[in-house]
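The structure under discussion appears below in the form of structure tokens.
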């Protein structure tokens with residue numbers, strides 16, 4: 001069967017079960033868009049290419065599938081870079097198609113030409129420039145395979161205009177590409193080591209990360225914890241991988257982790273770290289991180305091992321398969337925890353939990369951002385897919401919205417990209433039209449991709465924006481308050497649009513709450529309509545996120561705001 | 001930790017960007033490449049890259065892991081801790097004048113340097129050996145009046161698999 005490049009692209013997308021593309025047309029992709037016009041493949045027209053990548057990213061995080069975007073060459077391609085780097089840091093599978101000038105013009109500084117494979121080399125898992133039509137089908141197949149195999153990540157495929165206009169024979173049954181899948185190798189000796197360490201431990205702790213969600217290993221991790229009564233803390237990316245409502249859950253650890261999670265890390269004598277990479281926001285000073293513990297680190301990527309924290313036992317492997325092996329080994333060898341020592345450990349944690357719970361003071365006058373998030377959790381009964389922007393809004397969400405299921409907390413962890421939440425929510429809502437999808441935003445970050453309100457309006461993608469509006473770049477202001485003697489250098493965002501009017505101008509619903517008594521009403525109203533809604537909550541301006549570990553300190557040294565307890 | 005030179009042998013798929021990817025991965029993470037040699041193997045679609053870098057064992061392990069993550073990298077082998085042979089080659093051009101031509105010719109004979117081309121005004125010699133041998137020869141060539149040299153990166157081969 002003879003097909004044109006543009007047809008082959010859509011054929012392979014169909015084969016790869018891509019059911020939605022987030023994109024933006026332009027000169028070099030006109031032919032592809034012409035083909036899309038004749039196809040029934042769903043395409044969402046975003047308003048900025050960065051939004052396309054974040055939307056595909058949100059879609060991928062919520063579904064576990066590969067997200068797909070399509071943009072034009074030059075500025076279209078460079079606009080995707082922040083989105084790609086965001087996905088790369090969090091290991092999210094994406095395939096980003098960029099148009100390219102015809103092969104005869106590459107290198108000539110042609111109109112809208114840029115070396116996008118060169119630019120994205122350090123922030124993709126891999127990328128391709130398709131130089132001739134014969135390699136088109138196999139390259140696209142390979143791109144999807146690379147994106148989802150092993151430690152997932154974004155793959156960029158650059159498509160020169162002339163290649164896409166050329167015809168070639170297309171036989172879907174005969175597309176060859178390299179296989180990168182690494183077969184899981186059980187490591188019984190290592191399992192025996194874990195067994196011994198666990199047996200010797202009096203204060204064991206599990207630390208769960210994004211790799212547990214990506215590896216679909218939540219069930220195994222939850223089973224391990226519950227069966228052997230091992231408490232669990234998690235990184236930002238790990239939220240949802242263990243039920244937040246479970247008594248063994250200690251909340252997030254790290255810079256804005258709970259007091260009890262950070263204390264547990266500092267006092268545990270055995271740490272099973274699964275699918276984490278020991279980011280500096282998690283560890284505080286490396287020397288004091290889990291200093292009393294034997295550390296076992298399970299991760300699929302060898303380059304994550306001993307990168308930041310030197311561990312006692314690294315196990316390289318798929319999180320799900322490895323946890324299964326471990327569960328089987330513990331069962332076969334009749335591991336049983338010492339009930340007395342385990343109770344003492346859990347009691348010790350509970351004492352920390354009672355001493356410094358996660359809390360805030362809500363009065364009748366001013367809305368506290370934490371209250372908005374707690375109320376949102378109450379009203380949705382936690383049955384919602386939440387995206388966030390970056391900063392205080394993200395940390396309060398991590399602290400105060402209990403995530404019970406994997407793939408329900410969608411946030412830019414590694415890169416910390418402001419402007420992620422709204423387009424990501426659009427992508428999530430496209431995948432789950434019947435679920436509540438809420439972007440918990442700040443007034444700074446929402447303005448970074450606010451144009452995507454038009455996308456939501458055009459397709460009636462009923463995302464809900466909970467805007468915690470404090471008129472500041474809140475997290476930067478917090479650092480200025482704590483470390484720069486309140487010199488609020490360029491963080492005051494009081495000059496901002498009227499967000500309710502702005503929402504209306506975009507054709508979506510705008511609501512506002514200025515008093516605590518209005519919070520529940522506005523949320524109920526916003527959640528009840530099947531339309532995109534922006535809810536502007538005027539919150540306490542100088543509220544800080546606590547606990548906080550100051551940069552360069554041990555995570556057991558926490559600043560607790562008004563309830564100053566330093567250990 | 002002790003810093004020392006490590007010779008890393010990398011098998012890669014012979015793709016257009018592969019060297020850029022490897023150089024970028026190392027450069028982007030702050031590691032330096034001291035010497036580099038690339039060519040195809042007996043298979044045209046597979047190349048071998050031999051690279052010298054300096055660092056502690058931990059750093060070099062990190063480099064190996066980072067390289068291993070690249071899709072086009074087939075295998076990464078640190079030859080430093082196994083028995084291997086090392087070779088470099090240098091091409092040297094010496095200018096011949098009426099004053100020095102006798103001295104140069106004597107030196108070439110005495111040191112058994114391999115002459116590749118010789119003319120009235122110049123002679124080009126080729127020297128192959130490990131780093132010490134080459135450094136030694138270059139020291140002897142220097143006083144004769146070197147006008148240009150090209151030195152390859154280090155290549156290496158394990159004695160056994």
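The values are calculated or read from the model by the stated rules, or taken from the named source; none is laboratory data. Keep in mind that this is a model prediction, so the values were computed, not measured. Heads up, the Cβs are rebuilt from the backbone with ideal geometry, glycines too, and the neighbour counts pull from every protein chain shown.
Annotations
- Note on region A:105-114: among residues that are surrounded by fewer than 15 Cβ atoms within 10 Å (Cβ to Cβ) and without any contact (Cβ under 8 Å) to a residue 24 or more places away in the chain, the one that is nearest to residue B:17 (Cα to Cα) is A:107.
- Scan of region A:76-87 for residues that are surrounded by fewer than 21 Cβ atoms within 10 Å (Cβ to Cβ) and either within 14 Å of chain B (Cβ to nearest Cβ) or assigned to a loop (DSSP other than H, G, I, E, B) (or both), ordered by number: A:79, A:85
- Yes/no for residue A:131 being part of a loop (DSSP other than H, G, I, E, B), within 12 Å of chain B (Cβ to nearest Cβ), more than 32 Å from the chain's Cα centre (by Cα) and surrounded by 15 or more Cβ atoms within 10 Å (Cβ to Cβ): yes
- Any hit, region B:12-35, residues being more than 30 Å from residue A:309 (Cα to Cα), exposed (fewer than 13 other Cβ atoms within 10 Å of the Cβ) and within 14 Å of chain A (Cβ to nearest Cβ): yes
- Residues being over 20 Å from residue A:173 (Cα atoms) and away from every other protein chain (no Cβ under 12 Å) - total across region A:134-155: 3
- Looking only at region B:61-74, and only at residues there that are over 16 Å from residue B:20 (Cα atoms) and in contact with a helix residue (DSSP H, G or I) (Cβ under 8 Å, 6 or more places away or on another chain), the one that is nearest to the other protein chains (Cβ to nearest Cβ): B:65
- First in region A:469-481 and crowded, with 24+ Cβ neighbours inside 10 Å, second anywhere and in a helix (DSSP H, G or I), Cβ under 6 Å, 6 or more apart: A:474/A:392
- Selection count, region A:521-539, where residues are in contact with a helix residue (DSSP H, G or I) (Cβ under 7 Å, 6 or more places away or on another chain) and surrounded by 19 or more Cβ atoms within 10 Å (Cβ to Cβ): 8
- Some residue of region A:162-170 being under 21 Å from residue A:52 (Cβ atoms), away from chain B (no Cβ under 14 Å) and assigned to a helix (DSSP H, G or I): yes
- For region A:208-251, the set of residues classified as within 27 Å of residue A:340 (Cα to Cα) and touching a strand residue (DSSP E or B) at 6+ places or on another chain (Cβ under 6 Å) consists of A:208, A:221, A:225, A:230, A:231, A:232, A:233, A:234, A:242, A:248, A:249, A:250, listed by residue number.
- Number of residues in region A:433-458 that are assigned to a loop (DSSP other than H, G, I, E, B), over 24 Å from residue A:366 (Cβ atoms) and touching a strand residue (DSSP E or B) at 6+ places or on another chain (Cβ under 6 Å): the value is 1.
- Boolean, residue A:91 is assigned to a loop (DSSP other than H, G, I, E, B), touching a strand residue (DSSP E or B) at 6+ places or on another chain (Cβ under 6 Å) and either over 22 Å from residue A:163 (Cβ atoms) or at pLDDT 95 or above (or both): no
- Residue within region A:355-363 that is over 29 Å from residue A:266 (Cβ atoms) and modelled with pLDDT under 95 present: yes
- Restricting attention to region A:181-234, the residues being under 24 Å from the mean Cα position of the chain (by Cα) and outside any helix (DSSP H, G or I) number 13.
- Where strands (runs of 3 or more DSSP E) sit wholly within region B:5-85, those with at least 1 residues that are free of Cβ contacts under 8 Å to residues at least 40 places away in the same chain occupy B:35-40, B:46-55.
- When A:36, A:13 are checked against the criterion of being closer than 16 Å to residue A:155 by Cβ, modelled with pLDDT of 95 or more and in contact with a helix residue (DSSP H, G or I) (Cβ under 8 Å, 6 or more places away or on another chain), A:13 stands alone in meeting it.
- Within region A:107-126, the set of residues being within 17 Å of residue B:26 (Cα to Cα), assigned to a helix (DSSP H, G or I) and facing chain B (nearest Cβ under 10 Å) comprises A:118, A:121, A:122, A:123.
- Number of positions in region A:466-488 that are in a strand (DSSP E or B) and more than 12 Å from residue A:392 (Cβ to Cβ): 2
- The set of residues from region A:439-455 being buried (at least 24 other Cβ atoms within 10 Å of the Cβ) and out of contact with any helix residue (DSSP H, G or I) (no Cβ under 9 Å at 6 or more places or on another chain) is empty.
- Qualifying residue in region A:167-177 (condition: surrounded by fewer than 18 Cβ atoms within 10 Å (Cβ to Cβ), within 28 Å of the chain's Cα centre (by Cα) and at pLDDT below 95): no
- Odd one out for residue A:30 among (1) crowded, with 17+ Cβ neighbours inside 10 Å; (2) assigned to a helix (DSSP H, G or I): (1)
- Selection status of residue A:127, in contact with a helix residue (DSSP H, G or I) (Cβ under 7 Å, 6 or more places away or on another chain), in contact (Cβ under 8 Å) with a residue 12 or more places away in the chain and more than 21 Å from residue A:449 (Cβ to Cβ): yes
- Qualifying residue in region A:375-394 (condition: modelled with pLDDT of 95 or more and closer than 22 Å to residue A:265 by Cβ): yes
- All positions within region B:99-138 that are in contact (Cβ under 8 Å) with a residue 40 or more places away in the chain, in a helix (DSSP H, G or I) and under 25 Å from the mean Cα position of the chain (by Cα): B:131, B:134, B:137, B:138
- Of all residues assigned to region A:61-75, at least one qualifies as being in a helix (DSSP H, G or I), buried (at least 19 other Cβ atoms within 10 Å of the Cβ) and on the phi < 0 side of the Ramachandran plot.
- Within region A:274-297, the presence of at least one residue that is crowded, with 18+ Cβ neighbours inside 10 Å, within 14 Å of chain B (Cβ to nearest Cβ), closer than 25 Å to residue A:187 by Cβ and touching a strand residue (DSSP E or B) at 6+ places or on another chain (Cβ under 6 Å) is confirmed.
- Among the conditions (1) surrounded by fewer than 24 Cβ atoms within 10 Å (Cβ to Cβ); (2) within 18 Å of residue A:557 (Cα to Cα), the only one that residue A:262 does not satisfy is (1).
- Of all residues in region B:36-48, exactly one satisfies the criterion of being more than 20 Å from residue B:154 (Cα to Cα) and either touching a helix residue (DSSP H, G or I) at 6+ places or on another chain (Cβ under 8 Å) or within 12 Å of chain A (Cβ to nearest Cβ) (or both), namely B:45.
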